[in-house]
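Student: Please find one structure pasted underneath; my questions will follow.
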Amino acid sequence: MSKEFDVVVIGAGPGGYIAAIRAAQLGKTVACIDEWKDPKNGAAAPGGTCTNVGCIPSKALLQSSEHYEQAKLHFGDHGISLKDLKIDAGKMVDRKNAVVRQNNDGILYLFKKNKISFFHGRGSFVKASAAGYEIKVIGKDAETLVGKTVIVATGSNPRALPGVEFDEKLVLSNTGALDLKAVPKKLVLVGAGVIGLEMGSVWRRLGSEVTVLEGMPTFLPAVDEQVAKEALKVFTKQGLKIELSAKISEVKPGKKGVSIAYTDAKGAAQKLDVDHVIVSIGRVANTIGLNPEAVGLKLDDRGAIVVDDQCRTNLPNVWAIGDVVRGPMLAHKAEEEGVAVAERIAGQHGHVNFNTIPFVIYTSPELAWVGQTEQELKKAGVAYKSGTFPFLANGRARAMGDTTGFVKILADAKTDEVLGVHIIGPMASELIAEAVMAMEFKASSEDIARICHAHPSLSESTKEAALAVDKRTLNF
Ligand code: FAD
Ligand code: NAI
């Protein structure tokens, strides 16, 4: 006997578990299947990449390493002295694991609260029938389910360098990079993208000699050029060695470490011997074990599930969301799609605005942006005005002792509508929310400039950048 549900969600990452909750809120009977296992004891560990080996654990380690660096380099400025400062990387990783488990348990609690039936195992399409789609759960909660509607949210996996497998001991993906129990002496990161910079920062702060080898000639090409330039300057000054136009020719794991051969920007052959290499060159959509062929679910040539702008697949009543479909691979994008799809299934008008999805890189300083960059506006021939305000002139940033960076607002030259906001500086991840709200409400830069911002706060820099668009900053 199979169990029938209005909605079966495959995958309990931020896309899947949020879709399941929203569908249950809207009165649907919901099952959610997820195969992730707690590495400690094999227990169900819902939350996907984000919770287990992504957003949450990386932010936990970024926080710990930031505390360490603050204590080492900046506490003295505040008159605080410390003797024998030490880092216990094992304990730091244990704390990270505890934070992850709290989040896994939180999701299991939310499933119960919302009366969602959770199945721990791998979900695999069997066939389509008059009743819906038959899905076999393979694993601890082995069962056959039938869903009138199915939401696929199976996420993504790290991309490997051709011919170089992840052993998670010497050649690491994000999984191994987040689980090092001792601070490596030397580390190479391949790819100066989000993971390269965040994980590179963690281990550099703790004392590793970190080299980041980036294949492209441009640093962070998707980021506003002014912000990317400042970021490269600051990260280099902090001690991250970032090499652009690096072409990897060989990655050879040995007994104790890894040897990496590459040609540098000048075409010269180079070799590095390090303790570990972290490969962070992007991610690929995951449909392993899903058995999409059984029902004729269409994938594109990169393995992502093909969907329209509303997340409908080629099959009736089968939807797909998050990293397994097109668009930025971000947890909040997956969540937004999850809510929108659940609402569409319930006959409502779910919506996701791709133009106002914020991006954040959680380095120190943080980078955060929304909307178009200056180079994109130039390329599109849009007439724009620009206003910039440095944190150096912000009272709160001075009091915090964290004055690197600036807020930059780009607005339409004629209408003054905000077209993009780009921040490098302290708490940029929090400051960007105001910009997203402004753009979602189609605010002008004058609207932001007229809003009363608390003093002293970092957010005053956003107001001042808006004033700068009209060339009338008050504090700079
Ligand atoms: P996932 O989170 O990958 O979840 C998919 C789930 O489906 C997994 O639990 C998997 O086990 C399960 N699954 C797959 N196939 C099956 C099957 N057949 N049956 C049952 N279960 C299955 N994004 C941000 O927005 N902010 C960040 O700070 C951030 N930091 C990151 C840091 C790192 C190191 C990494 C790697 C990623 C980070 N991301 C971040 C990206 C973010 O993790 C992803 O965009 C997000 O997790 C995608 O959500 P998802 O629900 O689509 O897929
Ligand atoms: P990424 O796409 O951010 O960066 C990959 C980098 O590797 C690029 O700069 C690319 O040019 C480079 N590259 C590709 N092939 C290469 C090669 N052979 N040699 C050298 N360099 C090469 O991907 P990343 O950092 O792996 O992250 C994966 C995903 O996870 C991203 O899509 C990101 O959105 C998400 N993520 C988000 C975070 C956040 O929101 N704060 C944090 C971490 C990850």
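Student: Spot the failing condition for Ala428; the list is (1) crowded, with 21+ Cβ neighbours inside 10 Å; (2) on the phi > 0 side of the Ramachandran plot, and only one is missed.
Tutor: (2)
Student: Condition check: within 11 Å of ligand 1 (Cβ to nearest atom) and either hydroxyl-bearing (Ser, Thr, Tyr) or at pLDDT below 95 (or both). Does Thr144 satisfy that?
Tutor: So Thr144 does not fit the description; no.
Student: Keeping to segment 282-297, report how many residues are of a type in the set (D, E, K, R) and either surrounded by 12 or more Cβ atoms within 10 Å (Cβ to Cβ) or within 16 Å of ligand 2 (Cβ to nearest atom) (or both).
Tutor: Total meeting the criteria: 1.
So that you can scan it fast, the table gives a plain yes or no per residue for (1) aliphatic (A, V, I, L, M); (2) outside any helix (DSSP H, G or I); (3) in contact (Cβ under 8 Å) with a residue 60 or more places away in the chain; (4) crowded, with 19+ Cβ neighbours inside 10 Å:
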residue	(1), (2), (3), (4)
Ile409	yes, yes, yes, yes
Ile423	yes, yes, yes, yes
Ala433	yes, no, yes, no
Met439	yes, no, yes, yes
Lys442	no, yes, no, no
Cys452	no, yes, no, no
Leu458	yes, yes, yes, yes
Ser461	no, no, yes, yes
Glu464	no, no, yes, yes
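Student: Additional query: Between Ala153, Ala131, Ala160, which is under 20 Å from Ala31 (Cα atoms), in contact (Cβ under 8 Å) with a residue 12 or more places away in the chain and surrounded by fewer than 16 Cβ atoms within 10 Å (Cβ to Cβ)?
Tutor: Ala131
Student: Within segment 332-365, how many residues turn out to be closer than 30 Å to Thr404 by Cα and either away from ligand 2 (no atom under 13 Å from the Cβ) or surrounded by fewer than 22 Cβ atoms within 10 Å (Cβ to Cβ) (or both)?
Tutor: 11
Student: Taking the options Leu62, Leu85, Leu26, name whichever one is touching a residue at least 12 places away in the same chain (Cβ under 8 Å) and within 16 Å of ligand 2 (Cβ to nearest atom).
Tutor: Only one candidate passes the filter, namely Leu62.
Student: Which condition number does Ser429 fail, the rest of (1) more than 15 Å from Pro358 (Cα to Cα); (2) in a helix (DSSP H, G or I); (3) of a type in the set (Ser, Thr, Tyr) being met?
Tutor: (1)
Student: Within segment 150-186, how many residues turn out to be outside any loop (DSSP other than H, G, I, E, B) and away from ligand 2 (no atom under 16 Å from the Cβ)?
Tutor: Matching residues across segment 150-186 total 4.
Student: Scan segment 245-261 and tell me whether some residue there is in the same structural domain as Gly193 (by the TED database), among the charged types (D, E, K, R) and in contact with a Leu (Cβ under 8 Å, 6 or more places away or on another chain).
Tutor: No, every residue in segment 245-261 fails to be in the same structural domain as Gly193 (by the TED database), among the charged types (D, E, K, R) and in contact with a Leu (Cβ under 8 Å, 6 or more places away or on another chain).
Student: While we're looking at this one, here's another question. Taking the options Ala192, Ala222, Ala261, name whichever one is under 20 Å from Arg159 (Cα atoms), touching a residue at least 12 places away in the same chain (Cβ under 8 Å) and surrounded by 23 or more Cβ atoms within 10 Å (Cβ to Cβ).
Tutor: None of the others qualify; the one that does is Ala192.
Student: Would you point out which residue out of Ala304, Ala340 is more than 9 Å from ligand 1 (Cβ to nearest atom), farther than 22 Å from Ala24 by Cα and not acidic (Asp, Glu)?
Tutor: Ala304
The values are calculated or read from the model by the stated rules, or taken from the named source; none is laboratory data. These numbers were taken from a predicted model, which means no experiment stands behind them. Every residue, glycine as well, gets a Cβ built from its backbone with ideal geometry; the counts of neighbours run over all protein chains shown.
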